[in-house]
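Q: Provided herewith is a single structure, encoded as structure tokens, for subsequent inquiry.
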Amino acid sequence: MATIDDVEDALSNVIDPELGLDFLELGLIYEVEIEGPEVYVTFTLTSAGCPIGPQVADQIKEYVGEIEGVEKVHPKMVFTPPWTPELMSEDAKFALGY
């Protein structure tokens with residue numbers, strides 16, 4: 001069965017194309033839940049108008065779906081709470097000058 005660490009490792013491959021940093025570092029992954037062979041990933045975007053939502057959902061399905069024991073991946077995009085730069089890791093803040 002997959003672990004949260006396995007899923008987070010896979011999610012580190014989901015990169016914001018404009019910022020060049022992964023969604024975990026940017027604080028865009030809000031929640032990961034594992035229920036047997038199914039994984040639920042709640043994520044957001046830097047803004048509601050950002051057009052890459054479907055692409056991100058596809059990448060989440062692809063990378064998390066490669067984990068042994070994962071049969072189905074359910075990405076869910078939300079905008080509540082809204083993303084702010086304070087949600088980024090310290091490394092991401094440094095890289096982006098925050």
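The values are calculated or read from the model by the stated rules, or taken from the named source; none is laboratory data. Being a predicted model, the structure only gives us computed values, none of them experimental. In this analysis, Cβ positions are derived from the backbone assuming ideal geometry, glycine residues included, and neighbour counts consider all displayed protein chains. SASA here: full protein model, heavy atoms, side chains in, ligands and nucleic acids out. Shrake-Rupley method; radii C 1.70, N 1.55, O 1.52, S 1.80 Å.
Q: If each DSSP helix of 4+ residues adds -39,500 (n - 2.57) and the sum is divided by the residues in the chain, what number results at 222 nm, nearest 500 deg cm²/dmol?
A: Numbers: 3 runs with 28 residues, N = 98.
Value at 222 nm, helices only, nearest 500: -8000 deg cm²/dmol.
Q: Sticking with this one: Kindly report, to the nearest 10 Å², the accessible surface of Glu66 as traced by a 1.4 Å probe over protein heavy atoms only.
A: Estimated to the nearest 10 Å², Glu66 gives 130 Å².
Q: Once you order the gyration tensor axes a ≥ b ≥ c over the Cα atoms, which shape class does the chain get: rounded for a/c under 1.5, otherwise prolate or oblate by comparing a/b with b/c? Before the final figure, lay out each step's value.
A: Working: a/c = 1.95, a/b = 1.63, b/c = 1.19.
Taking the square roots of the gyration eigenvalues as a ≥ b ≥ c, the chain is prolate.
Q: Grab the beta carbon distance between Glu90 and Thr42, set R0 = 25 Å, and tell me the FRET efficiency rounded to 0.05. Could you put the intermediate results ahead of the total?
A: Working: r = 23 Å, r/R0 = 0.90.
Rounded to the nearest 0.05, the efficiency is 0.65.
Q: Counting only DSSP beta bridges with both residues in the chain, tell me the antiparallel percent, nearest 5. Spell out each step's value before the answer.
A: Numbers: 7 of 13 bridges.
Roughly 55 percent of the beta bridges in the chain run antiparallel, per DSSP.
Q: Can you pull the percent of the chain's accessible area that's carbon plus sulfur, 1.4 Å probe, other chains left in place?
A: Values: 2840 of 5700 Å².
Taking all protein chains in place, the chain shows 50 percent carbon and sulfur surface.
Q: Now for a different question. Spin-label point model (7 Å from Cα, Cβ direction): what's the Val78 to Gln55 distance in nm?
A: Taking the two extended label points, one gets 2.5 nm.
Q: Still on this structure, please answer the following. I'd like to check one number: the per residue accessible area of the chain, probe 1.4 Å, reported in Å² as a whole number. Walk me through the numbers before you get to the answer.
A: On the way: 5700 Å² over 98 residues.
Here the per-residue accessible area is 58 Å².
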